[in-house]
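Every read-out reported here was derived from the displayed coordinates using simple, explicitly stated rules and does not represent laboratory data. Computed from a prediction, not measured in an experiment: that's the story for all the values here. Note that each Cβ is placed from the backbone with ideal geometry, even for glycine, and that neighbours are counted across all protein chains shown.
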Amino acid sequence: MASQFRKDVLREGDKTNYPKKGDRVTMHYTGWLYDPSQPNNRGNKFDSSVDKGTPFEVPIGVGRVIQGWDQGVPQMSLGEKAVLTIPGNMAYGER
């Protein structure tokens with residue numbers, strides 16, 4: 001289990017437009033269980049908007065998603081692609 005929140009940028013965004021609390025964001029995501037014994041720490045995939053073919057839309061920063069997203073997504077600018085490593089206490093707990 002990841003012990004702390006971390007954001008690793010894969011592709012820079014415009015570094016100008018960041019979502020604010022309550023803004024509706026549209027994004028693709030893929031959720032992997034954290035497994036340090038696997039390449040890139042990726043264990044089993046548990047959900048993916050990419051696989052579903054439809055981006056996820058949600059207001060951010062208002063408790064509609066896990067705490068890790070409410071913290072991490074507002075740090076991302078328009079067009080940015082990043083990996084958020086989210087500990088259990090900021091997601092769904094220890095599983």
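What is the count of Lys pairs in segment 1-57 whose alpha carbons sit under 28 Å apart, if the two are 8 or more places apart or on different chains?
Numbers: Lys7/Lys15; Lys7/Lys20; Lys7/Lys21; Lys7/Lys45; Lys7/Lys52; Lys20/Lys52; Lys21/Lys52.
Lysine pairs satisfying the spacing and distance rule in segment 1-57 number 7.
Over the chain, calculate the relative contact order: mean separation of alpha carbon pairs under 8 Å at least 6 apart, over the residue count, as a percent.
Working: 174 pairs, mean separation 41.7, N = 95.
So the answer I get is 44 percent.
Using +1 on the beta carbon of Lys and Arg, -1 on that of Asp and Glu, and nothing else charged, what's the dipole of the chain about the Cα centre, debye to 20? Mind dumping the intermediate values first?
Working: 13 positive and 11 negative charges, 17 e Å.
That gives the chain a dipole magnitude of about 80 debye.
With runs of 4+ DSSP H residues as the only contributors, calculate the mean residue ellipticity of the chain at 222 nm using -39,500 (n - 2.57) per run, divided by the residue total and rounded to the nearest 500. It would help to have the intermediate numbers written out before the result.
Working: 2 runs with 10 residues, N = 95.
Helix contribution divided over all residues of the chain: -2000 deg cm²/dmol.
Using DSSP to define loop residues, name the GluC sites (Glu not before Pro) in the chain whose beta-carbon has at most 13 other beta-carbon atoms within 10 Å. Let's see the in-between values first.
Working: sites: Glu12, Glu57, Glu80, Glu94; in loops: Glu12, Glu80, Glu94.
Listed in order of number, the matching sites are Glu12, Glu94.
Using 1/(1 + (r/R0)^6) with R0 = 30 angstrom and r between the beta carbons of Val62 and Ser37, what's the FRET efficiency to the nearest 0.05?
Numbers: r = 36 Å, r/R0 = 1.20.
Rounded to the nearest 0.05, the efficiency is 0.25.
For segment 6-88, divide the Cα radius of gyration by the Kirkwood radius and give the resulting Rg/Rh value with two decimals. Show your work: numbers first, answer last.
Values: Rg = 12.9 Å, Rh = 13.5 Å.
Result for segment 6-88 is an Rg/Rh of 0.96.
Compute the distance from the alpha-carbon center of segment 52-69 to that of segment 17-32, in whole Å.
Each part's Cα centre sits 6 Å from the other's.
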